[in-house]
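A short worksheet on the structure shown next.
The values are calculated or read from the model by the stated rules, or taken from the named source; none is laboratory data. None of these values were measured; they are calculated from a predicted model. Here the Cβ positions follow ideal geometry from the backbone for every residue, glycine too, while neighbour counts run over all protein chains shown. What goes into the accessible areas is simple: the full protein's heavy atoms, side chains included, and nothing from ligands, DNA or RNA. Shrake-Rupley method; radii C 1.70, N 1.55, O 1.52, S 1.80 Å.
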Amino acid sequence: MTAAEVSRTSLADLIALIERANLSPTQQRDQISAVRTLVRLLGAEPQDIPADPTWLRRRMETISPEALGLSKGRWANIRSLVGKALSLARPMQPGRQIAPLLPEWENLLSSLDRNRATRLLALARHLSVKGISPADINLPDLEDYRDAILNDRLRAKPEKTWDSIVWTWNACRREVAGWPDVEIPREIGREVYVKPLSDFPSSLKADIEGFLLRLSGADLSEDGPNRPARPATLKTREYQLRVAASALVHKGVDPLAIRSVADLVTLDSFKLILRFLLDRHDGKTSPQISQMATFLKGVARHWAKADDMALLQLQKIASRLSAGTRGMTAKNRERLRPFDDPQTVAAFLGLPERIRREVEKDPRPGKLKAIDAQMAAAIAILQVTPIRLGNLAAIDMRKNLIARGKRVYLVFAEGDTKNREPIDFELPPTTLNLVAWYIREYRPHLMRQPNDALFPGEGNGPKSAYGFGAQIKAAVFRFTGLAVNVHLFRHAGAKMFLDRRPGQYEVVRQVLRHRSIQTTTSFYAGAETRSAGQHFAEVIDKLRAAHEPDTTGRRRGGSGAGRGKTNPKGNRS
């Protein structure tokens with residue numbers, strides 16, 4: 001096929017190619033079955049799906065096979081068979097490279113430890129097939145392999161595979177005698193423009209430290225904040241100031257000229273910083289840009305002590321950059337849309353017990369199943385006590401799981417929560433039963449040292465909140481196909497409740513520990529719109545049915561109102 005024909009090939013064309021190919025009946029059957037299964041999972045017609053490996057791979061990465069009732073083995077088989085079918089239409093990189101190594105590559109790999117050799121084995125086989133020895137290799141040869149695994153293969157996450165190859169190859173170049181002297185440039189996933197404070201005068205760092213000390217309340221200043229900032233807030237403020245200073249540098253300001261926090265909030269600096277951020281966002285404002293403008297204005301007022309005229313000018317600019325959004329983001333509203341489906345709600349709420357059943361029937365040793373059991377316990381807690389990720393990861397069995405009689409409560413004091421609102425939730429029996437099962441059967445496998453963390457980490461404390469959140473999100477996707485991070489549990493819980501109890505915002509406010517009912521309504525008034533609309537439509541339909549005439553010409557309705565009355569001519573109506 002020509003390049004133009006390949007670009008126009010659909011999966012319907014691919015099925016026709018399989019039927020005409022010189023394959024055994026079994027091979028034809030299996031490949032056609034795999035392609036048709038993929039078509040069904042993608043939810044489109046075969047003629048509308050391009051037979052393009054890159055496009056298909058990215059779409060396949062959004063599919064959770066276990067959520068759709070497919071085993072990992074069956075999904076791997078489908079991926080392999082579709083890849084073989086695609087090779088009928090275009091050159092494809094083998095999913096598994098088994099070609100023999102050139103002796104030179106075999107000698108080099110034999111000098112590596114097992115992990116490094118495994119990471120580079122497929123690359124070495126690819127180069128061996130092309131007859132490229134270590135002495136002859138150059139950067140284009142390596143980039144050719146990168147392009148092949150990115151564009152001509154269906155295996156998931158090739159970017160991660162390539163990044164691992166780059167790291168290992170460059171390490172071998174530095175450390176292994178006789179390794180080819182070719183360095184692979186490492187591509188950074190996103191531009192890093194925020195500079196370290198070491199790039200600026202030491203006076204800026206000292207001033208920022210003083211500003212953060214003031215925010216923390218530790219300096220006991222009379223004009224300090226009424227409420228000391230939490231460590232996480234201090235970290236955010238330090239980062240925002242580095243963003244501001246870095247933005248000025250990218251707009252042409254000499255780093256040595258930025259000597260203090262006050263230099264960041266002059267009118268000219270304010271404009272340059274925000275212009276830089278707008279340029280990175282296609283000239284449009286965003287919640288982050290609006291927050292930066294508001295923050296810098298506050299710094300000008302409370303730290304730099306700007307005069308009223310200067311503050312008025314900053315305020316006018318900040319007002320124009322207001323994102324104009326309140327409540328839930330459009331992205332989160334879209335992620336909540338699947339929860340309009342009762343089957344999705346049922347699958348989501350049944351997830352902890354489903355994971356437990358999978359763990360219990362898994363024949364592997366307990367140590368290999370402990371993370372799955374941990375996910376079941378964490379998800380069960382999040383569904384009934386929608387706490388934030390930092391609190392979830394930090395649950396201490398002695399400090400935060402409090403028994404009162406025969407009941408157990410999850411408790412956090414005011415100082416341990418983001419908005420300083422205490423948490424005191426009773427764990428329902430089903431959740432308590434599942435958590436107890438995890439503690440009894442699987443938590444011991446995860447402990448490196450004795451500690452009281454419900455979710456122990458590598459050392460003698462709890463797991464990292466960041467890594468824990470990623471594991472929970474992956475577990476939800478794996479079993480349900482839903483893109484739900486830990487924070488979205490709060491939104492999902494509120495939506496599911498309000499869908500069944502429209503208007504009961506006070507309950508949601510209490511559960512989510514919002515200080516203001518306005519916060520709750522601004523977030524969730526839109527989330528229940530569909531449910532409220534259904535309730536409204538049901539009432540209107542019932543009223544319409546009650547007043548529509550039936551086939552005899554009489555109104556539908558049980559009251560019989562109006563029957564037996566006479567019209568002006570004396571006839572009964």
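Observations, loosely collected:
- With eigenvalues of the C-alpha gyration tensor scaled by 5 and rooted, the chain, Å: 47, 42, 29
- Derived scalar couplings ³J(HN,Hα) [region 411-423; Karplus, 6.51 cos²θ - 1.76 cosθ + 1.60; whole Hz; x for Gly, Pro]: 10, 10, 6, 3, x, 9, 10, 4, 9, 6, 9, x, 10
- When Rg and Dmax are taken over the Cα atoms of region 222-280, they come to 13.2, 39 Å.
- Rolling a 1.4 Å probe over the protein heavy atoms gives region 180-320 an accessible area of 60 Å² per residue.
- Accessible-area composition of region 409-472, carbon plus sulfur, in percent [1.4 Å probe]: 54 percent
- Remark: accessible surface ordering of Tyr466, Tyr193 (largest first) is Tyr466, Tyr193, probe radius 1.4 Å.
- Evaluated at q = 0.11, 0.12 Å⁻¹, a Debye calculation over the C-alpha positions of region 413-491 (equal weights, vacuum) places log10 I(q)/I(0) at -0.39, -0.47.
- Cα gyration tensor category, rounded, prolate or oblate, for region 276-346 with a/c compared to 1.5: prolate
- Counted residue by residue at 0.36 nm each, then reduced by the alpha carbon distance between them, the extension gain from Lys284 to Asn332 reaches 15.3 nm.
- Solvent-accessible surface of protein heavy atoms, probed at 1.4 angstrom with all chains present, puts Lys399, Lys406 in the order Lys406, Lys399, largest first.
- Charge context of Gly467, other residues only, Cβ under 15 angstrom, K/R +1, D/E -1: +2
- Percent carbon-and-sulfur accessible area, region 88-186, ignoring ligands, DNA and RNA, probe 1.4 Å: 48 percent
- Violating pairs (Cα-Cα greater than 23 angstrom) within the set Lys72/Lys130; Lys205/Lys297; Lys157/Lys235; Lys495/Lys542: Lys72/Lys130; Lys157/Lys235; Lys495/Lys542
- Percent RCO, i.e. relative contact order, over the chain, from Cα pairs under 8 Å lying at least 6 residues apart: 9 percent
- Shown are Phe276, Phe270, whose ranking by accessible area with a 1.4 Å probe and every protein chain present, most to least, is Phe276, Phe270.
- Counting only Cα atoms, region 1-144 measures 50, 38, 29 Å along its principal axes, largest extent leading.
- Accessible area of region 201-282 belonging to carbon and sulfur atoms, whole % at 1.4 Å probe: 52 percent
- In this view, the solvent-accessible surface of Thr430, computed with a 1.4 Å probe and all protein chains in place, comes to about 100 Å².
- If you wrap region 193-319 in the convex hull of its Cα atoms and look at it from every side, the mean projected area works out to 7.7 nm².
- What region 56-140 shows is 54 Å² of accessible area per residue, with the surface traced by a 1.4 Å probe over protein heavy atoms.
- The chain: calculated mean residue ellipticity at 222 nm from DSSP helix runs of at least 4, using -39500 (n - 2.57): -17500 deg cm²/dmol
- Accessible surface area normalised per residue over region 369-423 is 41 Å², counting heavy atoms of protein chains with a 1.4 Å rolling probe.
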